[in-house]
Amino acid sequence: MLALHGTGVSDGVSIGKAFVLQQDLPEVPQYALTAPHIEAEVERFADAVAQARRQLRYIRDHIPASAPTETASFLDTHLLILDDPMIAQAPVDDIRRHRCNAEWALKTQGERLSAQFERMDDPYLRNKKTDVNQVVERILRNLLLADHNEHEKLAPGEIVVANDLTPADTVILKHKRIRAFVTNMGGPISHTAILARSLGIPAIVSAHSATRYVRHGEDLIVDGKRGVLIVGPDKQTIAAYRRLQQDIGARRKLLAKLRGSPAVTRDGRRIALLANIELPADVKAAAQAGAAGIGLYRTEFLFMNRAAPPGEEEQFRAYVKVAKALAGKPVTIRTVDLGADKQVDGGRGAGAAVSINPALGLRAVRLCLRDTTLFRPQLRAILRASAAGKVRLMIPMLSSQDELFRVLDLIGETKSELRRKRVKFNPRIPIGGMIEVPAAAVSADLFAPYLDFFSIGTNDLIQYTLAIDRVDDAVNYLYDPLHPAVLRLIRLTIQAARAARIPVAMCGEMAGDARYTRLLLGLGLTEFSMHPATLLAVKKIVRASNAGALTKFARKILKRADTGEVHRLVDGLNREDI
Ligand code: PEP
Ligand code: MG
């Protein structure tokens with residue numbers, strides 16, 4: 001029995017068998033062939049291509065019902081690329097001409113193609129190199145006998161152990177109903193960790209050598225609260241964790257009774273508890289938790305794991321589905337926040353944009369303003385969906401007024417276009433801005449006159465204020481929602497919203513962490529949006545708190561400069577009967 005420690009990012013205990021996800025390809029060898037072996041090598045290459053074709057057809061013919069509808073066209077694109085002479089023939093010519101091995105011929109041809117795509121002006125075509133790279137990788141794996149159908153082999157109930165998982169990987173895991181996951185890398189507010197919380201499964205990140213110590217099929221216990229992974233547990237340990245599982249189950253049952261109770265503080269302040277969702281299917285969990293609406297719909301997940309971005313119609317259908325399912329409750333659709341750790345292909349393909357500091361790069365609204373071919377169809381789709389329910393539109397990562405004005409102009413143009421075409425939409429659709437860049441928090445009063453609401457994105461606000469990359473486990477230890485600088489920015493934003501008489505919500509992970517609920521109530525926050533799995537625990541605290549009395553304590557906490565003392569005071573706040 002062995003215990004490994006990492007960062008627990010999603011509560012709960014899971015006991016099950018390990019599925020170790022092999023992600024890295026072995027190094028590609030290069031060797032020269034003698035004349036009699038050349039045709040055999042050509043044949044070996046052709047076999048690998050044929051095997052890739054069979055694999056792709058098999059996957060296409062066995063698409064699970066829960067997979068996104070575009071999965072089939074994504075696979076068809078890969079089949080077409082596979083048969084293109086640039087993939088199927090060029091390496092053969094190279095094997096014959098240069099007398100090199102098949103892997104090397106394919107690798108160098110893949111690199112040449114990648115460079116050609118990279119030079120293309122059209123961003124959509126440039127993006128296509130990701131597909132080409134994925135096809136090249138599939139054939140390479142066949143040649144290297146590496147196991148590459150990893151995701152497909154996963155069975156429900158297994159515990160995934162991987163070096164790292166991208167948000168795109170995690171979406172695939174979501175369909176596989178895995179029991180828990182553990183990664184060597186990652187941070188607690190990475191989108192991968194956020195997805196684990198949305199799945200409601202235990203997860204541990206930055207368990208540094210997990211893939212080294214865990215063997216396929218081995219028994220594991222994942223303690224997502226304490227961040228402990230137990231490999232090969234003995235009978236007593238399993239029994240102890242089974243009891244813990246039962247306790248957790250009993251506590252969840254008790255919480256479930258609060259579903260229909262109002263989220264009102266003891267002194268009568270009504271608090272709105274909304275849900276964050278990534279996919280339309282998540283609406284079910286939001287309803288089960290009794291959410292008062294959707295405070296954050298991360299639309300970028302609609303753009304992942306596919307060959308082409310979703311068109312206006314497909315987006316419209318997804319947004320309408322959510323709006324209708326919410327039956328009159330608010331649905332806050334955030335415009336696409338791609339970039340940084342949320343790449344369409346998971347960022348792993350060689351096609352991923354290479355930026356030294358992706359979190360500071362072309363992300364979210366910056367990307368949308370640079371490439372309006374991506375943005376305009378989404379604006380049209382959201383506006384059209386606003387006729388079907390209480391839809392609000394939210395802009396991520398605003399950092400300057402100029403950026404906001406450019407987005408508002410585009411929204412204005414889109415509205416005019418829809419009016420001209422006599423397409424229905426809500427002309428007074430509320431437009432909100434995420435306050436998640438320190439520049440926006442500091443100048444929230446300058447944004448407020450032009451927006452209908454704010455939503456504080458603490459994940460990024462903390463990342464950018466404290467200068468810690470949210471996916472870099474080396475600086476995880478610096479992540480702290482209670483850092484005085486973070487608390488001041490939150491207060492500043494709430495004050496600016498109040499002065500301008502616009503609502504302010506919080507939709508970062510801090511909003512769903514019950515340890516901070518009382519402090520946030522004390523800071524005057526009345527709208528919280530979080531993963532459905534955490535909503536009832538927050539409601540329990542809300543109902544047991546006196547918001548008026550908490551204001552005084554929050555003021556005191558905000559005066560403290562020492563982070564350790566802030567932590568002690570917040571702990572005290574949670575223990576006292578206020
Ligand atoms: C945030 O930054 O707090 C947020 C809610 O957005 P995301 O986590 O998707 O960046
Ligand atoms: Mg954010």
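The values are calculated or read from the model by the stated rules, or taken from the named source; none is laboratory data. Here the structure is a predicted model, which is why all the values come from computation and not from measurement. Cβ atoms come from the backbone with ideal geometry, glycine included; neighbour counts cover every protein chain shown.
Brief remarks follow.
- Some residue of the stretch 80-96 being at pLDDT below 85 and either over 22 Å from Asp164 (Cα atoms) or not charged (D, E, K, R) (or both): no
- For the stretch 530-552, the set of residues classified as in contact with a Leu (Cβ under 8 Å, 6 or more places away or on another chain) and among the charged types (D, E, K, R) consists of Lys539, Lys540, Arg543, listed by residue number.
- Single residue of Asp337, Asp402, Asp409 found to be within 30 Å of Val135 (Cβ to Cβ) and either among the acidic types (Asp, Glu) or at pLDDT 95 or above (or both): Asp337
- Tally, over the stretch 199-223, of residues that are surrounded by fewer than 24 Cβ atoms within 10 Å (Cβ to Cβ) and small (Gly, Ala, Ser): 3
- Being over 17 Å from Phe453 (Cβ atoms), of a type in the set (A, V, I, L, M, F, W, C), surrounded by fewer than 18 Cβ atoms within 10 Å (Cβ to Cβ) and away from ligand 1 (no atom under 16 Å from the Cβ) is a property that holds for Leu369.
- Some residue of the stretch 378-392 being within 16 Å of ligand 1 (Cβ to nearest atom), under 26 Å from Val486 (Cβ atoms) and of a type outside the set (S, T, N, Q): yes
- The condition of being in contact with a Pro (Cβ under 7 Å, 6 or more places away or on another chain), more than 16 Å from ligand 2 (Cβ to nearest atom) and touching a residue at least 12 places away in the same chain (Cβ under 8 Å) holds for only one of Arg406, Arg392, that being Arg392.
- When Asp282 is tested against (1) more than 16 Å from ligand 2 (Cβ to nearest atom); (2) part of a loop (DSSP other than H, G, I, E, B); (3) acidic (Asp, Glu), just one condition goes unmet, and that condition is (2).
- Lone qualifier among Leu418, Leu367, Leu404 - being touching a Leu at 6+ places or on another chain (Cβ under 9 Å), closer than 30 Å to Glu118 by Cβ and in a helix (DSSP H, G or I): Leu367
Residue-by-condition table, conditions (1) closer than 25 Å to Pro280 by Cβ; (2) modelled with pLDDT of 95 or more:
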{"residue": "Ser443", "(1), (2)": "no, yes"}
{"residue": "Asp452", "(1), (2)": "yes, yes"}
{"residue": "Ser455", "(1), (2)": "yes, yes"}
{"residue": "Ala474", "(1), (2)": "no, no"}
{"residue": "Leu489", "(1), (2)": "no, yes"}
{"residue": "Gln495", "(1), (2)": "no, yes"}
{"residue": "Gly522", "(1), (2)": "no, yes"}
{"residue": "Leu535", "(1), (2)": "yes, yes"}
{"residue": "Ala544", "(1), (2)": "no, yes"}
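- Residue match in the stretch 269-280 (condition: out of contact with any strand residue (DSSP E or B) (no Cβ under 8 Å at 6 or more places or on another chain), assigned by TED's automatic domain parsing to the domain that holds Arg363 and modelled with pLDDT of 95 or more): yes
- Among the candidates Pro358, Pro309, the residue that is in the same structural domain as Gly432 (by TED's automatic domain parsing), at pLDDT below 95 and within 16 Å of ligand 2 (Cβ to nearest atom) is uniquely Pro358.
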